[in-house]
1. Quickly rank 108-120, 67-79, 31-43 as a protection proxy: mean count of other C-beta atoms within 10 Å, highest first.
2. Relative contact order for region 33-190: what percent, with Cα pairs under 8 Å and sequence separation of 6 or more?
3. Once Rh for region 33-190 is found with the Kirkwood sum over Cα pairs, what is the Stokes-Einstein diffusion coefficient at 4 °C and 1.567 mPa s, in µm²/s?
4. Which one of Asn83, Phe174, Ser126 has its Cα pushed farthest toward the positive end of the charge dipole of region 33-190, where Lys and Arg give +1 and Asp and Glu give -1 at the Cβ?
5. Counting Lys +1, Arg +1, Asp -1, Glu -1, what net charge surrounds Gln108 among other residues with beta carbon under 13 Å of its beta carbon?
6. Over 20 Å between Cα atoms: which of Lys148/Lys194; Lys20/Lys125; Lys38/Lys194 fall into that group?
7. Can you pull out the trypsin sites (Lys or Arg not before Pro) in region 166-195 whose DSSP state is coil and whose Cβ has at most 13 other Cβ atoms within 10 Å?
Amino acid sequence: MCTALMAIPEDGDTEVVSEKTFKVFSLLNLDAPYLHDKSHVTEEEEVTGCCGRRKGAIIATMQIEQIGVMPGMTSKISLTVENKTKKRKKWMRKKENHECVLLSLCQQLDFVAVNRNDPMMIDRKSITIAVESHGTCKTKAGAGPQTKEIEFSVPPNLPPTSIHANRLVTVSYFFKLDLDHFDLVLPVIVGSSKSVPGSVK
């Protein structure tokens with residue numbers, strides 16, 4: 001809530017105009033017990049080389065400490081990747097120490113428009129943007145499972161996840177790890193209030 005004091009001129013002929021840009025977000029409280037639970041996703045992809053020759057598999061797991069996240073706070077994310085592909089020859093590994101992958105928090109906006117004359121005609125469009133990204137180094141082939149802990153800073157002033165269906169615009173979020181051969185996607189819920197200690201309201 002915003003409050004302000006404005007001096008009103010005594011002559012009633014003077015017009016006073018005050019403008020202030022502000023955002024209005026719906027209320028989404030993150031106090032529900034299930035929003036404090038951990039969430040994870042695991043994917044495995046077979047990697048093939050020239051002429052369809054099997055090179056091995058890549059197994060990746062992403063886990064978040066709490067499925068409900070607050071704008072302006074930090075989320076703890078654990079990444080475990082095991083690269084079972086065959087090691088490349090030394091002369092082909094010149095850039096190995098400089099390769100990175102991106103872990104991104106993505107916002108998806110879904111738009112729905114209904115034809116005024118024909119309600120059965122519905123137009124749907126979707127836009128996905130990365131609102132924040134962190135880089136992390138790739139795993140080495142044949143090195144076994146490698147785990148990295150990341151403190152991911154959630155940007156402030158994000159609108160909360162839409163909780164009502166059939167709206168003209170709905171907002172959803174997910175973390176995405178961009179790997180060479182596949183993407184790892186983990187949905188999360190962005191809230192607007194949280195009453196536990198240390199939260200931002």
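1. 67-79, 31-43, 108-120
2. That works out to 28 percent.
3. Once the numbers are plugged in, D ends up at 72 µm²/s.
4. Of the options given, the answer is Asn83.
5. Summing Lys/Arg as +1 and Asp/Glu as -1 gives +2.
6. Check vs 20 Å cut-off fails for Lys148/Lys194; Lys20/Lys125.
7. Arg167
Values quoted throughout were computed directly from the atomic coordinates according to the rules given, and no laboratory measurement underlies them. Model, not experiment: these values are computed from the prediction. Cβ atoms come from the backbone with ideal geometry, glycine included; neighbour counts cover every protein chain shown.
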